[in-house]
1. Going residue by residue through region 100-108, is there one that turns out to be more than 22 Å from Asp57 (Cα to Cα) and not in a loop (DSSP other than H, G, I, E, B)?
2. In region 190-211, how many residues are more than 16 Å from the chain's Cα centre (by Cα) and under 30 Å from Ala265 (Cβ atoms)?
3. Listed residues Phe331, Phe257, Phe238, Phe290; which is in contact with a His (Cβ under 6 Å, 6 or more places away or on another chain) and of a type in the set (A, V, I, L, M, F, W, C)?
4. Pairs under 8 Å by beta carbon, first residue over 18 Å from Ala197 (Cβ atoms) and assigned by TED's automatic domain parsing to the domain that holds Tyr303 in region 332-358, partner assigned to a loop (DSSP other than H, G, I, E, B) and of a type in the set (A, V, I, L, M), six or more apart or different chains?
5. Considering only region 217-230, I want to know if a residue exists there that is modelled with pLDDT of 95 or more, farther than 28 Å from Val30 by Cβ and either open to solvent by 40 Å² or more (accessible area, probe 1.4 Å) or under 23 Å from the mean Cα position of the chain (by Cα) (or both).
6. So which residues in region 109-119 are in a loop (DSSP other than H, G, I, E, B) and open to solvent by 20 Å² or more (accessible area, probe 1.4 Å), if there are any at all?
7. Does Ala50 satisfy the criteria of being open to solvent by 30 Å² or more (accessible area, probe 1.4 Å), assigned to a helix (DSSP H, G or I) and in contact with a His (Cβ under 7 Å, 6 or more places away or on another chain)?
8. Within region 345-358, is even one residue open to solvent by less than 10 Å² (accessible area, probe 1.4 Å) and closer than 30 Å to Gln248 by Cα?
Amino acid sequence: MEKTARLNQVCLPVDEANGLPNEHYTCPSVFKEEKDILLFGKWSGLAVSAQIPNIGDAVPISFQGTPLFIIRTKKNKVKVFQNTCRHRGMILIDRVKSIEGAIRCPYHSWCYSTEGSLISTPHVGGPGRNLHDAIDRSELGLTEIRSHVWMGVIWINLSGDAPKFEDNMKELIDRWSDFDRPLFHGGKESSFTIEVAANWKLAVENYCESYHLPWVHPGLNIYSKLEDHYHIEHKNKFSGQGTRVYQQLKDGNGNVFPDFADLNAKWETAAEYIAVYPNVLLGVHRDHAFVIILIPDGPEKTYEHIHLFYSKENTPEQLRLQNMKQWKLVFEEDVPVVEGMQRGRYAVNFDGGRFSPAMDNPTHCFHCWVANEVQNGLKHKK
């Protein structure tokens, strides 16, 4: 009852609510609850499709302890499978590789197509007998994980019971319809990872709001000031911020990235930054977009995998490198405050904090989502 009361407090109006209790940032058992309910039960970001650019490319990924792999099939579809053979549970893909023929288990050589079908079971019926009446290959294909590619992100639903991605994300897909088109990953100059000694939710909370801009990002605040920003909130789905002032990056010769074609006029000066619950942070601009996939490693460590995308292939390498360095600086500026909030969650008398009714609405929106989903998920388990 005490836990329910505290989570109900989180869901009060923003001018009355407290933030999430400390154990939601520090406690392993609460982390497991959130993992099952929020990360497995919803559409979570896993990787980007640019990691498997060619047919046959396969990449093993562990998501919260679950062994998976992503693959671009021979039909040029991106799929996600559980990385275990249906025979004895052996790991199938142990490194980044290109599959030219079949996916072969290194233990007993059972083989699967890139679409996941079981196609070969050598000696399963005894020496020289590759069939057995008890082994129905049609029922023993790889375990496929629900997945969907949007904004370059491979989204997965491990529980299998979230609404269809297109339905679940309809409001954001509609809002950003101008960017619902091919995005071109910038390559090695456009990917980096930041390790943060903090709970993943603190990274979401920090990203949601612009309140910290003048003090944490003084360089950015020179041209995109606090008063230029606005809130973005959609209950139970996403929240974030937008700016009415966006200045394109220029190199020494005044060159800029090419714009996405046929954009609404508002994007000439605007940019938006939205946290898609649970773990994907997105940013869109007239000439590029970025993705941050938050991968928790327990309750107090998070890996931020950042990828930059452009409107065309083969944009200038030096400009891409300049853009990557600029965003890396901005995101690294956030690390000390996010880690500081994590350390603050060990203050025994901290009550979750209070929200500014004028400035913290997007963060409060995220807190309400977490509190409601956790309570609903725990009720269904009983």
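The values are calculated or read from the model by the stated rules, or taken from the named source; none is laboratory data. From a predicted model like this one, the values you see are computed outputs, not experimental measurements. A quick note on method: Cβ atoms are made from the backbone with ideal geometry, for glycine too, and the neighbour counts reach across all protein chains shown. Keep in mind that these areas ignore ligands, DNA and RNA; they rest on the heavy atoms of the full protein, side chains included. Shrake-Rupley method; radii C 1.70, N 1.55, O 1.52, S 1.80 Å.
1. The first filter runs over region 100-108 and keeps only residues more than 22 Å from Asp57 (Cα to Cα), leaving 108.
Still in the running and not in a loop (DSSP other than H, G, I, E, B): none.
Scanning region 100-108 turns up no residue that is more than 22 Å from Asp57 (Cα to Cα) and not in a loop (DSSP other than H, G, I, E, B).
2. The first filter runs over region 190-211 and keeps only residues more than 16 Å from the chain's Cα centre (by Cα), leaving 190, 197-198, 209-211.
Pick out the ones that are also under 30 Å from Ala265 (Cβ atoms) and you get 190, 209-211.
Counting residues in region 190-211 that are more than 16 Å from the chain's Cα centre (by Cα) and under 30 Å from Ala265 (Cβ atoms) gives 4.
3. Working: Phe331 fails: in contact with a His (Cβ under 6 Å, 6 or more places away or on another chain); Phe238 fails: in contact with a His (Cβ under 6 Å, 6 or more places away or on another chain); Phe290 fails: in contact with a His (Cβ under 6 Å, 6 or more places away or on another chain).
Sole residue among the options that is in contact with a His (Cβ under 6 Å, 6 or more places away or on another chain) and of a type in the set (A, V, I, L, M, F, W, C): Phe257.
4. Gly352/Leu20; Arg354/Ala17; Phe355/Val14; Phe355/Ala17; Pro357/Val14
5. Yes, region 217-230 contains a residue that is modelled with pLDDT of 95 or more, farther than 28 Å from Val30 by Cβ and either open to solvent by 40 Å² or more (accessible area, probe 1.4 Å) or under 23 Å from the mean Cα position of the chain (by Cα) (or both).
6. We begin by selecting, within region 109-119, every residue in a loop (DSSP other than H, G, I, E, B); these are 109-110, 113-117.
Passing the criteria: Ser109, Ser113, Glu115, Ser117.
7. On the way: open to solvent by 30 Å² or more (accessible area, probe 1.4 Å): yes; assigned to a helix (DSSP H, G or I): yes; in contact with a His (Cβ under 7 Å, 6 or more places away or on another chain): yes.
Yes, satisfied.
8. Scanning region 345-358, I find no residue that is open to solvent by less than 10 Å² (accessible area, probe 1.4 Å) and closer than 30 Å to Gln248 by Cα, so the answer is no.
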